[in-house]
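Contents: one structure, followed by commentary.
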Amino acid sequence: MVYQLPLAPAGLTITADNHFLMSVSREERPQNRIIEVGKGGTSRPFPTTDISQASSGQPLLLDAVEGMQIDKAGIVWMLDNGRRSEYPPKVVAWDTAKHKLHRVYHMAFPAVLPGSLLDDLAVDPEAPFVYISDPAAGADAALVVLDLTTGLAHRVLQGHPSVVPVAGLELTIDGHKVETRRLDGTVADPQGGVSALTLDKKGEWLYFAPVRSLKLYRVRTEHLRDVNMLPEKLAGLVEEYSAKPVSDGMSMDSKGNIYVSDLASKGIGVIAAGKKDYRILAAEPRLLWPAGLCFGADGWLYFYTNTARTRPMPRPPLTAGTPLDASGINMNYLFRLETPVSGRVGD
């Protein structure tokens with residue numbers, strides 16, 4: 001365990017000097033949308049106080065940041081789905097070297113739908129493209145491909161088995177079914193569509209899967225980028241890669257091993273390259289809803305827990321003064337795990 005976190009995170013990336021950039025879940029209604037944690041645990045709003053706190057009168061505001069990734073040029077890519085205040089979704093790129101805005105990409109129909117809930121992004125290391133997951137309402141889940149050259153985005157694989165949740169597949173933790181309670185007291189089944197994304201080191205393959213699925217899929221990025229490809233042809237090019245647990249976090253090392261969160265086992269597992277077999281690497285009671293897997297500059301694999309995902313609705317926000325229960329499970333944590341091979345920093 002690296003840090004205790006009083007508020008539930010929603011995204012994580014790590015800079016070349018091993019500073020942690022963590023977005024805070026919109027369900028916590030945080031004052032700061034993103035926090036930078038430096039050496040010794042010092043923290044500050046990121047990228048600036050006004051932007052992070054959505055101060056009145058600012059031309060650029062962050063609302064509900066989910067996926068985050070830093071690229072080799074030091075650009076931090078932030079996926080803001082806008083669902084805290086019902087703003088249009090956008091991708092914000094911030095240059096950490098020059099300490100200024102790099103670019104904003106606004107997302108609109110038909111790339112995103114009224115019910116879209118953009119969740120994660122993967123920045124292509126070689127081509128000017130970003131790939132985005134949209135679990136939406138479940139049946140209309142899809143991937144979104146953003147062309148950084150033109151600023152245009154297109155929606156692909158909507159409703160395909162590789163992105164929609166598996167009907168009837170339940171998630172249980174400690175013998176209890178994870179479900180969402182609406183404000184009126186009725187219980188809803190979480191949709192669990194496509195969430196975490198990861199790319200191989202050359203950006204040739206995108207790996208993805210629904211949270212509520214026991215399969216991991218992949219497709220060549222060159223096919224995703226082809227705006228002229230017919231939907232049925234692209235669907236036929238998706239490959240079933242391996243088995244996986246119900247999961248909400250994923251990262252790949254430089255040798256092609258894929259690390260995934262294991263929600264039911266409260267752990268982190270690995271899908272070995274080549275054999276494609278799955279095994280658990282680490283598990284413990286505090287790993288409630290591990291997510292946000294990414295590698296640090298020190299070579300370790302970092303991830304956080306988000307206990308808000310296991311709390312029923314309505315979810316009262318956790319603050320620094322919120323008492324823990326006897327086991328301390330309401331607290332969120334930032335963990336690190338030593339892996340045989342490391343991967344791209346911040347991914």
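Every number here is computed from the coordinates shown, using simple stated rules; none is lab data. Values in this document were obtained by computation on a predicted structure and should not be read as measured data. No Cβ is skipped: glycine too gets one built from the backbone with ideal geometry, and neighbour counts run over all protein chains shown.
Mean residue ellipticity, 222 nm, helices only, the chain: the sum of -39500 (n - 2.57) across DSSP H runs of n ≥ 4, divided by residue count and rounded to 500, is -1000 deg cm²/dmol. Taking Lys and Arg as +1 and Asp and Glu as -1, the other residues whose beta-carbon sits under 14 Å from that of A97 total 0.
Per residue, the convex hull spanned by the Cα atoms of the chain measures out at 135 cubic angstrom. At an R0 of 22 angstrom, the distance between the Cβ atoms of E126 and V104 translates into a FRET efficiency of 0.45.
Using a Gaussian network model of the chain in which every pair of alpha carbons under 10 angstrom is joined by a spring, one finds that among T307, T96, T42 the greatest mean-square fluctuation is at T42. Taking label points 7 Å from Cα along the Cα-to-Cβ direction, T150 and I173 give a separation of 4.1 nm.
A Gaussian network model of the chain, with springs between Cα atoms under 10 Å, assigns the largest mean-square fluctuation among P88, P135, P161 to P88. Counting Lys and Arg as +1 and Asp and Glu as -1 over every other residue whose Cβ lies under 10 Å from the Cβ of G67, the net charge comes to -4.
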